[in-house]
Amino acid sequence: MISKVNDSVYLDKVLPAENGRRLLINGTQVGAGSFTLIAGPCAVESAIQLEAVAKLLHSLGAHFLRGGAYKPRTSPHSFQGLALEGLKLLRQMGDKYSLNVVTEVIDVESLPQVAEYADVLQVGARNMQNFSLLRALGQCRKPVLLKRGFAATIDEWLGAADYIATGGNDKIILCERGIRTFSQATRNTLDLASAVVARNMTSFPVIADPSHGTGHWELINPMVKASLAAGLDGVMVEIHPQPEKALSDGRQSLTLPHYSTLQYEISELAPAFGKQIN
Ligand code: PEP
Ligand code: MN
């Protein structure tokens, strides 16, 4: 499926017509002329927290709720997520507010359980080259949101996608979430140029995650606008009813009012870039 051209990896079905870059997730289009907004807390913490977020997203007409139930944390002493309880809360809120649930799967063992509750299975940056997980996702029928590893080249990222596609699941969304560089002003360096390159090299929708890509909530609004202007297919952002009390990634989470403003601004701007938000 992969061929090497001038030291770059190209998926064989490269450069499709724009309407080839289209995924339908429970009736909602990702790719083609859509700019998809995926929002939610870094981690599911409680029913109250998640419902506040889901209710807002529903009122804004959004279609995707993100939230981690299994959290891959740098320290084993940090909050690891609510696991099954978190998955149940996500499904409950997804059903109640008509939102597709995006959540991370961290290993092969928990994949059947996560796939039972999620609409989109997220592979985190730390797991981008977990090849047994990628192969297992190839056997799965649910769409996969594949994050770029923070030290992965584009070829490695697309190679990871090819593991899933070769396994039989081509419902893949690529997500640029920032790479590690010498810059200390931000948590990671959001590599939008590489996201555009990846988009030009594959038939998959490509989105950006400016929350992990920058680490600062103040930078999310401008980076979402940059993602839209760059022609990407959407963004994933972290939001929280009380970011200062968040159990993870509060510093990079938008408040709900800030998110409402952002969604409004993007809905106004999107048509200028040939897109509609969903
Ligand atoms: C996340 O989306 O919450 C997350 C852990 O992201 P990443 O894998 O990009 O660090
Ligand atoms: Mn996070």
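As a summary of the residue check, Lys142 satisfies the conditions (1) farther than 24 Å from Arg199 by Cα; (2) away from ligand 1 (no atom under 16 Å from the Cβ); (3) touching a residue at least 12 places away in the same chain (Cβ under 8 Å) except for the one numbered (1). Remark: pairs (first residue in region 83-98, modelled with pLDDT of 95 or more; second residue of a type in the set (D, E, K, R) and surrounded by fewer than 18 Cβ atoms within 10 Å (Cβ to Cβ); Cβ separation under 7 Å; 6+ apart in sequence or on different chains) = Met93/Glu51; Tyr97/Lys55. Within region 71-80, at least one residue is within 16 Å of Leu146 (Cα to Cα), buried (at least 19 other Cβ atoms within 10 Å of the Cβ) and at pLDDT 95 or above. In region 49-65, of all residues being over 28 Å from Phe204 (Cα atoms) and free of Cβ contacts under 8 Å to residues at least 60 places away in the same chain, the one that is nearest to ligand 1 (Cβ to nearest atom) corresponds to Leu50. Helices (runs of 4 or more DSSP H) fully within region 193-278 that include at least 2 residues being among the hydrophobic types (A, V, I, L, M, F, W, C): 220-229, 256-269. The sole residue among Thr153, Thr186, Thr181 that is of a type in the set (Ser, Thr, Tyr) and crowded, with 16+ Cβ neighbours inside 10 Å is Thr186.
Only one entry in Glu238, Glu218, Glu244, Glu268 is closer than 20 Å to Leu50 by Cβ, surrounded by fewer than 18 Cβ atoms within 10 Å (Cβ to Cβ) and modelled with pLDDT of 95 or more, namely Glu244. Being under 19 Å from the mean Cα position of the chain (by Cα) and of a type in the set (D, E, K, R) is the filter; apply it to region 82-115 and report the residue that is surrounded by the fewest Cβ atoms within 10 Å (Cβ to Cβ). Here the answer is Asp107. Annotation: Gly81 fulfils all but one of (1) small (Gly, Ala, Ser); (2) within 15 Å of ligand 1 (Cβ to nearest atom); (3) closer than 22 Å to Phe273 by Cβ; the unmet one is (3). In the condition set (1) within 16 Å of ligand 2 (Cβ to nearest atom); (2) free of Cβ contacts under 8 Å to residues at least 24 places away in the same chain; (3) surrounded by 18 or more Cβ atoms within 10 Å (Cβ to Cβ), Asn130 is compliant with all but (1).
The values are calculated or read from the model by the stated rules, or taken from the named source; none is laboratory data. Worth saying up front: this structure is predicted, and the values here are computed from it rather than measured. Using ideal geometry, Cβ is built from the backbone for each residue, glycine included, and neighbour counts are taken over all protein chains shown.
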